[in-house]
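Colleague: A single structure is presented below for examination.
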Amino acid sequence: MRGLVIKNTGSWYTVRTEDGRDIESKIKGNFRLKDIKSTNPVAVGDRVVIDINKEGTAFITEIEERKNYIIRRASNLSKQAHIIATNLDQAMLIVTVNYPITTTIFIDRFLATAEAYRVPVKLVFNKIDRYNTEDQRALENLIELYTSIGYPCSTLCARTEEGLDALKADLKNKITLLSGHSGVGKSTIINKLVPGVNLRTGDISEYHNKGMHTTTFSEMIPLPDGGYLIDTPGIKGFGTIEMEDAEISHYFRELFKYSEECRFNNCTHRHEPGCAVIQAVNDGLICESRYKSYLSILDDRMESKYREEY
């Protein structure tokens, strides 16, 4: 029987069958996906085949081919990936300029990973009611930056529901990953979109200005007007994996545009003579924060390789 994985609580997966039943399922034997070194071979969003037993539970026997997926580095094993969700129509990254701060490095790493796995992204800037003049200026600058690159941006105040109708329209009949740091308001947004779901919301640590985790597993939540939201645990960091060093600039749209003009095909865009990317940064054609995010990924990868060697 075919079904859709709508929830992952560790060793168990909830599979919604084609006839509308929710079956608690496990992976059969040493079932693993080819060519993906993952801590979770089955993920929310997967289309699977299950074999139901007489107890009413099931074994997952097959995973259908994925159209895309999005991953992050596993927290326990640096060489492995954790698949956040699969078969996405889009991802929405919830960003807060403050309360807590979402850095451009985090945004850019998420965008680069989404580019690598062919997942369209929209940026949603939440908590706009809380921003002072300085925060508002930063918000406007971020929206101008990412819109110019080609990423759609919108603003939202989940608490007062300002911008909520526009968000609903963007979500209708689509499978959407909702991601972002803990504390940016994901659970509040979902509670507003899906009356009765009653996800637990958390407070911001006043000392660290960081959110505290309230979601502990990934889950697909059906939307009243059609489509699904995939709620995920808040992500602290977003390392890039399964990419060659030379490929990383391909996932920064504006860097890739200028990299085709570089003198060397294997240019790292760090120090090479005739590097069109460095020239574009110096000329103000590429935002310095985006270039720094690119360099930070290279630095992390170099450090990781050094640790592996020594």
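Colleague: For region 125-130, what does the Karplus curve 6.51 cos²θ - 1.76 cosθ + 1.60, with θ = phi - 60°, yield as ³J(HN,Hα) per residue in whole Hz, taken in order and with x for Gly and Pro?
Modeller: Going residue by residue, I get 8, 9, 6, 5, 6, 9 Hz, with x marking Gly and Pro.
Colleague: Is region 121-186 rounded, prolate or oblate when judged by the Cα gyration tensor, a ≥ b ≥ c being the square roots of its eigenvalues, rounded requiring a/c under 1.5 and prolate requiring a/b larger than b/c?
Modeller: In terms of gyration-tensor shape, oblate.
Colleague: Taking every Cα atom in region 263-303, find the radius of gyration and the maximum pairwise distance Dmax, and write them in Å.
Modeller: 10.5, 30
Colleague: Now, a different point. In square angstrom, what is the accessible area per residue of region 67-197 with a 1.4 angstrom probe?
Modeller: Value for region 67-197: 41 Å² per residue.
Colleague: While we're looking at this one, here's another question. In whole Hz, what ³J(HN,Hα) sequence does region 249-262 give by Karplus (6.51, -1.76, 1.60; θ = phi - 60°), x for Gly and Pro?
Modeller: Once θ is set to phi - 60°, the couplings for region 249-262 become 5, 5, 9, 10, 3, 6, 5, 4, 4, 7, 5, 5, 9, 5 Hz.
Colleague: Net charge near residue 225: determine it from the other residues with C-beta under 14 Å of the C-beta of residue 225, scoring Lys and Arg +1 and Asp and Glu -1.
Modeller: Once all neighbours under 14 Å are counted, the net charge is +2.
Colleague: With θ set to phi - 60° and the Karplus curve 6.51 cos²θ - 1.76 cosθ + 1.60, what are the ³J(HN,Hα) couplings of region 149-159 in order, to the nearest whole Hz, using x for Gly and Pro?
Modeller: 7, x, 9, x, 10, 9, 10, 7, 10, 4, 5
Colleague: According to a simple spin-label model (label point 7 Å from Cα along Cα-to-Cβ), what is the distance in nm between residue 169 and residue 49?
Modeller: 4.3 nm
Colleague: Highest first, please rank the peptides 274-282, 89-97 by the mean number of other Cβ atoms sitting within 10 Å of their residues.
Modeller: Going from most to least packed, we get 89-97, 274-282.
Colleague: What FRET efficiency would be calculated for the residue pair residue 26, residue 225, taking the C-beta separation as r and a Förster radius of 35 Å, to the nearest 0.05?
Modeller: The formula returns an efficiency of 0.60 here.
Colleague: Any idea how far apart residue 134 and residue 115 come out in nm if each label point goes 7 Å out from Cα toward Cβ?
Modeller: For the pair residue 134/residue 115, the computed spacing is 3.1 nm.
Colleague: Taking amide H positions as placed in the peptide plane 1.01 Å from N, state which residues far from residue 70 in sequence (5 or more) or on other chains have amide H under 5 Å from it.
Modeller: 84, 85
Colleague: Within 10 Å, count the other beta carbons around each residue, average over each peptide in 184-196, 9-21, and list them highest first.
Modeller: Peptide ranking by packing, descending: 184-196, 9-21.
Colleague: What is the set of long-range amide H partners of residue 91 at a cut-off below 5 Å, with H atoms built 1.01 Å from backbone N?
Modeller: Residues meeting the amide H criterion: 121, 122, 177.
The values are calculated or read from the model by the stated rules, or taken from the named source; none is laboratory data. This one's a predicted model, so the numbers in the text were calculated from it and none came from an experiment. Don't worry about glycine lacking a Cβ; one is built from the backbone with ideal geometry, like all the others, and counts go over all protein chains shown. Just so you know, the surface numbers come from the protein's heavy atoms only, side chains and all, with ligands and any DNA or RNA stripped out. Shrake-Rupley method; radii C 1.70, N 1.55, O 1.52, S 1.80 Å.
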